[in-house]
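J.: Before I ask anything, let me first share the structure, which is written out below as structure tokens.
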Amino acid sequence: MLSKLEELKLISQCALADNRRAFGRLAEAYRPQLCRFLLNLTGGDVFLSDDLAQETMVKAYINIRSFKGLSSFGTWLYRIAYNEFYNEKRRRHEESMPTMDTSGSDSPRPIEHPAINSAHMTETQLTVHAALQCLNDNERTAVTLFYIEDLPIKKIAVIMQCSEGNIKSMLHRGKAKMGKYINFEQNYNLI
């Protein structure tokens, strides 16, 4: 990870001198977190996550001069990635709808995604991933940023452009839904 001073120096070189190497270093430093964030938002679609990460970096490079430094560079990148995810979602005319369980059970059911490579995931990781898929997009984004990316609520509010109270509500609802799913899975597997 880059120090704040290194980050500011690289941003300045990009904005003032159009230094592509400097931006390459910034992109290299932030790409792993950005890809992980997008992978969680896309439900594990590796190809879509990579495409969105690439689009995010291109937009960040093109708009680096508009970065005002009011938030950290990482927060700014997450905001661009969040916008790219929703733009792609609109392009595909997808709507976030809860899955219907026709068995009569009130338990949430995850949306399975074929791009998840479950061979490399532990049982716990698979359960958490499946539980994340039970959440709506906003809840999944908030939970991912808070619990996986370890961002504070204040930064999440900036990224998602909503109040801190809304973020807290999304986290509370998301945790409750995930807990319900995980409890259902554990009880189901005991039978």
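The values are calculated or read from the model by the stated rules, or taken from the named source; none is laboratory data. Keep in mind that this is a model prediction, so the values were computed, not measured. We place every Cβ from the backbone using ideal geometry, glycine too, and count neighbours over all the protein chains shown. Note: areas computed on protein heavy atoms with side chains; ligands, DNA, RNA excluded. Shrake-Rupley method; radii C 1.70, N 1.55, O 1.52, S 1.80 Å.
J.: Once you've got the Cα coordinates, tell me which of Lys68/Lys175; Lys59/Lys177; Lys59/Lys89; Lys9/Lys154; Lys155/Lys180; Lys89/Lys180 are over 22 Å apart.
T.: Working: Lys68/Lys175 34 Å; Lys59/Lys177 34 Å; Lys59/Lys89 17 Å; Lys9/Lys154 25 Å; Lys155/Lys180 27 Å; Lys89/Lys180 27 Å.
In this structure, Lys68/Lys175; Lys59/Lys177; Lys9/Lys154; Lys155/Lys180; Lys89/Lys180 exceed 22 Å between Cα atoms.
J.: When only the heavy atoms of the protein chains count and the probe is 1.4 Å, how do Arg92, Arg20, Arg31, Arg79 rank by accessible area, highest first? Mind dumping the intermediate values first?
T.: Details: Arg92 120, Arg20 170, Arg31 75, Arg79 40 Å².
Solvent-accessible surface, decreasing: Arg20, Arg92, Arg31, Arg79.
J.: For segment 120-161, build the convex hull from the C-alpha positions and give me its volume per residue in Å³. Display every interim value, and only then the final one.
T.: Values: hull volume 2.9 nm³, N = 42.
Cα-based convex hull of segment 120-161, divided per residue, equals 68 Å³.
J.: What is the percent of Cα-Cα separations in segment 16-55 that go past 16 Å?
T.: Values: 304 of 780 pairs.
Result: 39 percent of Cα pairs exceed 16 Å.
J.: May I ask you to give the percent of accessible area on segment 1-67 that is carbon plus sulfur, with a probe radius of 1.4 Å?
T.: 57
J.: Okay, moving on. Mind jotting down the three principal axis lengths of segment 3-81 based on Cα atoms? Whole angstrom, largest first.
T.: For segment 3-81, the Cα extents along the three principal axes come out at 37, 21, 20 Å.
J.: By per-residue mean of other Cβ atoms within 10 Å, what is the highest-first order of 140-151, 168-179? Intermediate values should be presented prior to the final figure.
T.: Working: 140-151: 20.6, 168-179: 17.0.
By packing density, highest mean first, the sequence is 140-151, 168-179.
J.: Grab the Cα-Cα distance for Arg20 and Lys59, subtract it from 0.36 nm times how many residues apart they are, and report the gain in nm with one decimal.
T.: On the way: separation 39, 0.36 × 39 = 14.04 nm, distance 1.35 nm.
Difference between extended and current length: 12.7 nm.
J.: What is the Rg over Rh value, at two decimals, for segment 48-93, using alpha-carbon atoms and the Kirkwood definition of Rh?
T.: Details: Rg = 11.0 Å, Rh = 10.9 Å.
Computed over Cα atoms, the ratio is 1.00.
J.: Which values, in whole Å and largest first, are the semi-axes of the equivalent ellipsoid of segment 126-191 obtained as the square root of 5 times each eigenvalue of the Cα gyration tensor? Walk me through the numbers before you get to the answer.
T.: On the way: eigenvalues 129, 21, 14 Å².
Listed largest to smallest, the semi-axes of segment 126-191 are 25, 10, 8 Å.
J.: Grab the beta carbon distance between Leu8 and Arg173, set R0 = 35 Å, and tell me the FRET efficiency rounded to 0.05. Working shown, then result.
T.: Working: r = 37 Å, r/R0 = 1.06.
Efficiency, from the Cβ-Cβ distance: 0.40.
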